[in-house]
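This report concerns only the one structure given below.
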Amino acid sequence: MKLLAITSCPNGIAHTYMAAENLQKAADKLGVSMKVETQGSIGVENEFTAKEIREADGIIIAADKTVNKDRFSGKKLLVVGVQEGIRKPEELIKKHLNGEVQEYKGTTSQSEEGAKETKQNPIYRHLMNGVSYMIPFIVIGGLLIAIALTVGGVPTEQGLKIPDDSFWKKIEGLGAASFTFMIPILAGFISYSIADRPGLAPGMVGGYIAANGSFYDSEAGAGFIGGIIAGFLAGYLALAIKKIKVPKAVQPIMPIIIIPVLASLLVGLVFIYILGAPVAQVFISLTAWLASMQGTSSILLALILGAMISFDMGGPVNKVAFLFGSAMIGEGNYEIMGPIAAAICIPPIGMGIATFLSRKKFQPAEREAGKASFTMGLFGITEGAIPFAAQDPLRVIPSIMVGSMTGAVIAMIGQVGDRVAHGGPIVAVLGAVDNVLMFFIAIIVGSFVTAVLVNLLKKNVEASSEIKKGQEQLTPSVSPEPSSEVTNITEITHTDFIDVQLKGNTRDEIIEDMIEKLYKSGRLSSKSDFTQAIIDREEQSSTGIGMNIAIPHGKSDAVVKPTVFFGIKQDGVDWKSLDGSEAKLIFMIAVPKSAQGDAHLKILQMLSRKLMDDDYRNQLLAVRTKEAAYELLREIQS
């Protein structure tokens, strides 16, 4: 089967590429041919050709912003959020394999695909589509103004001011011009997400009217709240007009004349005569309330924003807080984005520091991920902490939330301002942060709070069930470290690596279950790497050796130390054995690549010789407890 996939997230940074990588890995594992197109912050990469689309058996779109689907008409199309692409890639592919995906019928409103999209919280998707297009305008405006003030500003009683005859006044003007596009772009692309191209112009017109109070006799505009309302109003008006049945002669001009004109007229009149002034008053009151926040009220706001930013690390809750701070920049209130900018980078930097401070708390692969996480934090990419949170959410998420809340409060008390809709040390380097010293203090303190807290909560990797605190000797069911040459199978296994009631119903399910248990015990640093080693070996030839025995084995850098996992499947499972028998006694051998000699081959020899004994096999099949199985395994020796 040939599948195509598109991944995209609102900011087009981490989630876009994480989803792409996970989908590609899952496809390789399932033996499915897949090409992934990313629609990230730098544009479309790995774009599909017309031939590839024509030959594809199905399409997966994992995105939190609108992706144009016109080119996939007539293809089986599955549309989900980007998080599902990260967390459930195999499940998405299997839906195609199992024939559970419906054909996309283009713009047919009653299509199954449309129903699937409705389940994804379309309001959030439409909003994030607008935000993703708005952010570059805020970044351009904020950076240009910050650079102009830093280089060309002159201290006055009212703060830094740029002389009117200065070259830098022109640069400041360019930044201000970029800001004027912010709300029309936000509204236009919300509307575009709802009604496609016919909704773009009405949304932008509505956003412009919302941003300019002169249309409805208000001293101030309706701000980003008005822009959001205008975008949704224009989008759903355009969508409603699209559904009106018109003569065939009129249909060609509907999307370029009738829909844009009617929708623009309606949204404009509604804003001018009904919504504009009330929404503007709400926005004026909100801005004034935020500007007046001092003492405990400002600290409470910082606590809330810090918690939201770190809670889902780039997800919906994070984006709501980020949008709030971005919108305040457009209103000249930079002290809301300041605490957010500090909170954004604390989770990845904090987790990176945690791996540096206490190596014994993390697996080798996690320590490597810590370096990447730290680097991502410097550039304000909160998603760098996701791998740690996904693996240990109950310890990691509270730790990063407390750290981000701490940093946000320090930034708020220190009156840190940020003129750019982004976070991390990078914005300070670019000159966009006010009170830089307090900004860095907030980041450093918050990051160390996260690092210390997570290390207090996490257990040492070595302190697994093998070694209990205070013990000087191991219990009989626990094996010592293997010697350079294994002479008895119990040197490299114990009761934690025995399952007398395997639950998987297929070869791959059993392999996955065994690997999961090895990983949780600390014997593997990477599930995916070792899984690949096992699958590669199975593809060479089946490890089902016959007589109801299977011995899957792999040699990989992901293996921390040699281990054998033994499992029993009483009703058997198809392992493509040479004699056609189903596998009931399954031994998984995991050996490091760096192991001296052919350790896995020696273990295989030991197993093979003993398992040729019919009575011994029957004794193993008859056991009902891990302890009984362990005692029988003692008999396997060189």
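Worth pointing out:
- Set of segment 502-530 residues, backbone N closer than 11 Å to the point 7 Å along the Cα-Cβ line of LYS25: 526-530
- DSSP-defined antiparallel bridges as percent of all bridges, the chain, nearest 5: 45
- The dipole here belongs to the chain: it is taken about the Cα centre, uses +1 on the Cβ of Lys and Arg and -1 on the Cβ of Asp and Glu, and is about 600 debye.
- Highest average first, the peptides 251-258, 222-229, 630-637, 428-435 ordered by how many other beta carbon atoms sit within 10 Å of their residues are 222-229, 428-435, 630-637, 251-258.
- 3J(HN,Hα) from dihedral phi, segment 184-197, Karplus parametrisation 6.51/-1.76/1.60, rounded to Hz, x for glycine, proline: x, 5, 4, 5, x, 7, 5, 5, 4, 4, 7, 10, 6, 4
- Under 5 Å between amide hydrogens, built in the peptide plane, is the criterion, and for VAL560 it picks out LEU524, SER525 among residues at least 5 positions away or on other chains.
- Summed residue charge, Cβ within 11 Å of GLY417's Cβ, Lys/Arg positive, Asp/Glu negative: -2
- Axis angle, to the nearest 10 degrees, between helix 296-311 and the longest C-alpha principal axis of the chain: 50 degrees.
- Solvent-accessible area per residue in the chain equals 45 Å², computed with a 1.4 angstrom probe and all protein chains kept.
- Charge dipole (the chain, unit charges on Cβ, about Cα centre) - positive-most of GLY58, ILE138, ASN548: GLY58
- Protein-only accessible surface at a 1.4 angstrom probe places the residues LYS94, LYS459, LYS610 in the order LYS459, LYS94, LYS610, largest first.
- Highest mean first, the peptides 395-404, 502-511, 564-573 sorted by other C-beta atoms within 10 Å per residue fall in the order 395-404, 564-573, 502-511.
- Note on LEU632 and ASP571: with the Förster distance fixed at 25 Å, the Cβ-Cβ geometry gives a FRET efficiency of about 0.75.
- Cβ-based charge dipole, the chain, positive-most Cα from ILE299, ALA343, VAL32: VAL32
- Global geometry of segment 34-85, whether rounded, prolate or oblate, following the gyration tensor of its Cα atoms and the 1.5 cut on a/c: oblate
- Computed lengthening from ILE256 to VAL44, 0.36 nm per intervening residue step minus Cα-Cα distance: 73.7 nm
- Put a dot 7 Å past the Cα of GLN619, heading toward its Cβ, do the same for GLU219, and the two dots end up 9.3 nm apart.
- FRET efficiency, 1/(1 + (r/R0)^6) with R0 60 Å, evaluated for VAL154 and ARG87 via beta carbons: 0.70
- In plain terms, the chain from GLN501 to LYS243 could stretch by 87.1 nm, reckoned as 0.36 nm per residue minus the Cα-Cα distance.
- Amide hydrogen proximity for GLU37: with H placed 1.01 Å from N in the peptide plane, the residues at 5 or more positions away or on another chain lying under 5 Å are ALA5, ILE6, THR7.
- Computed from the alpha carbon atoms alone, the convex hull of segment 310-361 holds 65 Å³ per residue.
- Modelled this way, with points 7 Å down the Cα-to-C-beta line, the labels at ASP557 and GLN102 are 4.7 nm from one another.
- Estimated FRET transfer efficiency (VAL317, LYS520; beta-carbon r; R0 25 Å; 0.05): 0.30
- Shown in residue order for segment 206-217 are the 3J(HN,Hα) couplings computed by the Karplus curve 6.51 cos²θ - 1.76 cosθ + 1.60 at θ = phi - 60°: x, x, 5, 5, 4, 7, 10, x, 4, 5, 10, 6 Hz (x for Gly and Pro).
- On Cα atoms only, tilt of 436-457 relative to the major axis of the chain in degrees: 30
- Residue-averaged 222 nm ellipticity for the chain, from DSSP H runs of 4+ at -39500 (n - 2.57), nearest 500: -17500 deg cm²/dmol
- Relative packing of peptides 194-204, 581-591 - highest average C-beta neighbours within 10 Å first: 194-204, 581-591
- On Cα atoms only, tilt of 527-540 relative to the major axis of the chain in degrees: 50
- Averaging the sequence gap over all C-alpha pairs within less than 8 Å and six or more residues apart, then dividing by the number of residues, gives the chain a relative contact order of 8 percent.
- Extending 7 Å from Cα along the Cβ direction at VAL282 and again at LYS169 yields two label points whose distance is 3.9 nm.
- Distant alpha-carbon pairs in the chain (separation over 38 angstrom), percent: 47
- Coupling constants for segment 228-234 follow from the phi torsions by the Karplus curve (6.51 cos²θ - 1.76 cosθ + 1.60, θ = phi - 60°), and in residue order they are 5, 4, 4, x, 5, 4, 5 Hz; glycine and proline get x.
The values are calculated or read from the model by the stated rules, or taken from the named source; none is laboratory data. Not measured: the values here are computed from a predicted model. Positions of Cβ are generated from backbone atoms using ideal geometry, with glycine treated the same way; all protein chains shown enter the neighbour counts. Areas reflect the complete protein model, heavy atoms only, side chains present, ligands, DNA and RNA absent. Shrake-Rupley method; radii C 1.70, N 1.55, O 1.52, S 1.80 Å.
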